[in-house]
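The structure appears right after this line, and notes come after that.
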Amino acid sequence: MSVENNDRSAAAAPAPSDFIRDIVAQHVAEKRYQKIVTRFPPEPNGYLHIGHSKSICLNFGIARENNGQCNLRFDDTNPVKEDTEYVDAIIADVKWLIDGWADHCLAYKAKGAHPEKQTVNGREDFFIAPALSSQPSTTSEPFFASDYFEAIYAYAVELIKRGKAYVDDLTPEETDAYRGAPDKPGRESPWRNRSIAENLELFTRMRAGDFPNGAKSLRAKIDMAAPNVWLRDPLLYRIRHVAHHHAGDKWCIYPLYDFAHCLSDYIEGVTHSICTLEFEVHRPLYDWILENLDLPRPLPRQYEFAKLNLSYMVFSKRRLIQLVQEKLVHGWDDPRLPTISGARRRGIPASALRKLSATVGVTKFDGLTDIAVFEHCIREELNAAAQRRLAVLRPLKLVLTNIPEGEVIECDATNNPQDESPTTRKIALTREVYIETEDFAEVPPPKYFRLKPGGEVRLKYACIIKCDEIVKAPDGSIKELRCTADLSTRAGGPNVDRKVKGTIHWVSAQTCIDAEVRLYDRLFTVAEPAAEEDFKKHINPHSLEIVTAKLEFALAGALPDERYQFERLGYFTLDAKDSTPARPVFNRTITLKDTWAKK
RNA sequence: UGCCCGAUGGUGUAAUGGUAGCACAAACGACUCUGACUCGUUUUGUCUAGGUUCGAGUCCUAGUCGGGCAGCCA
């Protein structure tokens, strides 16, 4: 069964509260805005990861809770780094993550629609986004900053006309040298005081393609001595003679983040522009641009929160790219990666990602969250939703000597004991079964509840068995176990209530199917790999173990997106990519909690 | 060394001048046809020093420690 929409625990939980939601609530109370509008603005230059899911849940969550709107907007202002491959992957990831949860606040716009020139307050330089449709369709698409290039260009022209921006001839190297240092003021460019007319002409020629890359730039005229270096005449536009994945070959000048972002927010009517802590020092520039354009109020405002860090993981794009390109993992959707596509393939439900976001909260403290919190969220969702099945990862043959060959004894197995009215399925008990190798010990350690020579154990859903004999191979290894089944302890039998300490899982050797099972473990052996000199030296050599397992027959019909608990082992899901009907492949999402193995 | 931000148990967070609470983790126990789940119990905390106040985790000052910022990246 699919558990993407399983939000039962989240629904029962109180609405999240944090300092940003407090601010929004206050704005709602004072009716500052007609509607709360947020946005999630990834640059399409890589895959989304679990860190992004916190931002997605925050932005879409706030929109949802306030009956507002959240725009998925591609911050695609740097064509040399971006690609439609990432656009498509990001859309898929966002939709998956918020599916059934926030559709009504995910805004879409008509395909190909651009902001239209409007007269606002008697001026003709302002643009606003076209009408939004709340329902996605084949004729709708997310938002792209590149759709606003014409409008952003017009705002740049307006800034020049106001004497607040100028065309600079300094090279990138010179610009860097002129900027000074954090504790030393910068120097003004010799081109800083060109006339407005000259700036206008030069900027027009920049757009027309009259200059090569890097020859000129458009800069805001602020203060080269500002303590905040982002106010030292920041660049607004650079020349890049390159086609854009979304805007085509229309442009050879592209706005930088700081200029494009605040204006994109403004154009879309964003009220709360929520970003991560590293943009704190950009906020004065964000405000400067909007205020110096004298735009009609209310203006969007930027708020910053701490991004998510999880122990035993890396999130930085730089490191993720290394892992993929150096083939330390198998692609962006490798189930060991913290990418959203990797998490999805691994079988982690979207609801677990949402639960994690709600659990870690939103603050300005840059901490490191224990991966155990995430694992708890995954188990909590899966425990409620996953169907139970029996599977043996490392088979050991066991012969029930008192069951005749060819006889099949049907047993009822519970599908999910967590359900209000649990359903059952039939499983076959036969003369030969497989049990887990580690469920038998010739020389049992103390407090061993499992099978041992002469010992008894219950085969789950079947009956109690007693180990009579160990059959060994010539090399001394255990070939098979010979046991007797006490059929009177079956469900419905007279001795069903007989207690033995251990209950183990098993499958019928006659009816089971073979499957490749991929056992994933954490990718790194140290809690904070990103803090190491070389994080790659701390990759867990056992992060992936592949076994050929024996599965109960019911698993032959498993479908991708279904989650199963293999009893006593963990949660598993069919690998949508590598499975074939002849050779199913299952991924272990996560083990069950094991308080015994640790001792 | 300039500017900005932050600091509450092992970890993440709440307490909005009035009993330091929750979750995870850990330990112990109960239950158990999953050594799971569930339930119960327990351990552990306000960075330091001053100040304001009847009262400070919260407000003020100074310090300490940690993070961010000097791309024609976002």
_Being on the phi > 0 side of the Ramachandran plot and away from RNA strand B (no atom under 16 Å from the Cβ): is that true of A:Gly476 here?_
yes
*asked:* With the requirement that a residue be surrounded by 18 or more Cβ atoms within 10 Å (Cβ to Cβ) and among the acidic types (Asp, Glu), what does segment A:424-455 give you?
replied: A:Glu436, A:Asp439
*Looking at A:Thr171, A:Thr204, which is the one that is among the β-branched types (Val, Ile, Thr) and within 11 Å of RNA strand B (Cβ to nearest atom)?*
A:Thr171
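For (1) under 21 Å from the mean Cα position of the chain (by Cα); (2) part of a loop (DSSP other than H, G, I, E, B); (3) among the aromatic types (Phe, Trp, Tyr); (4) within 9 Å of RNA strand B (Cβ to nearest atom), each residue gets a yes or a no:
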position: A:Lys355; (1), (2), (3), (4): yes, no, no, no
position: A:Glu381; (1), (2), (3), (4): yes, no, no, no
position: A:Asp412; (1), (2), (3), (4): no, no, no, yes
position: A:Pro445; (1), (2), (3), (4): no, yes, no, yes
_Consider segment A:233-261. How many of its residues are in a loop (DSSP other than H, G, I, E, B), within 8 Å of RNA strand B (Cβ to nearest atom) and of a type in the set (Lys, Arg)?_
1
*Single match in A:Ser316, A:Ser351 (criterion: of a type in the set (Ser, Thr, Tyr), within 15 Å of the chain's Cα centre (by Cα) and surrounded by 19 or more Cβ atoms within 10 Å (Cβ to Cβ))*: A:Ser351
*All positions within segment A:143-183 that are crowded, with 20+ Cβ neighbours inside 10 Å and among the charged types (D, E, K, R)*: A:Asp147, A:Asp168
*Go through (1) farther than 30 Å from A:Arg32 by Cα; (2) in contact with an Asp or Glu (Cβ under 8 Å, 6 or more places away or on another chain); (3) modelled with pLDDT of 70 or more and name the single condition A:Val80 misses.*
(2)
*Just name the residue that is nearest to A:Pro79 (Cα to Cα) out of those in segment A:182-196 that are away from RNA strand B (no atom under 11 Å from the Cβ) and outside any helix (DSSP H, G or I).*
A:Arg192
*asked:* Every residue in segment A:580-599 that is within 29 Å of the chain's Cα centre (by Cα), within 7 Å of RNA strand B (Cβ to nearest atom) and more than 11 Å from A:Arg379 (Cβ to Cβ), please.
replied: A:Asp594, A:Thr595
_In segment A:264-277, the residues that are in a helix (DSSP H, G or I) and in contact with a strand residue (DSSP E or B) (Cβ under 8 Å, 6 or more places away or on another chain)_ = A:Ser264, A:Asp265, A:Ile267, A:Glu268, A:Leu277
*Segments classed as strands (runs of 3 or more DSSP E), wholly inside segment A:108-181, with at least 1 members that are at pLDDT below 60*: A:116-120, A:123-128
*Is it the case that A:Ile289 is under 23 Å from A:Ser195 (Cβ atoms), surrounded by 20 or more Cβ atoms within 10 Å (Cβ to Cβ) and within 12 Å of RNA strand B (Cβ to nearest atom)?*
no
*asked:* If I go through segment A:396-423 residue by residue, how many of them are surrounded by 16 or more Cβ atoms within 10 Å (Cβ to Cβ), β-branched (Val, Ile, Thr) and within 20 Å of A:Glu480 (Cα to Cα)?
replied: 2
*Filter segment A:532-578 down to the residues that are in a strand (DSSP E or B) and polar (S, T, N, Q), then identify the one that is farthest from the chain's Cα centre (by Cα).*
A:Thr548
*Filter result (surrounded by 14 or more Cβ atoms within 10 Å (Cβ to Cβ) and hydrophobic (A, V, I, L, M, F, W, C)) within segment A:76-96*: A:Val87, A:Ala89, A:Ile90, A:Ile91, A:Ala92, A:Val94, A:Trp96
*Of the residues that sit in segment A:207-226 and are among the hydrophobic types (A, V, I, L, M, F, W, C) and either away from RNA strand B (no atom under 11 Å from the Cβ) or not in a strand (DSSP E or B) (or both), which one is nearest to A:Val157 (Cα to Cα)?*
A:Ala220
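The values are calculated or read from the model by the stated rules, or taken from the named source; none is laboratory data. Given the structure is predicted, the values throughout are model-derived calculations rather than measurements. Don't worry about glycine lacking a Cβ; one is built from the backbone with ideal geometry, like all the others, and counts go over all protein chains shown.
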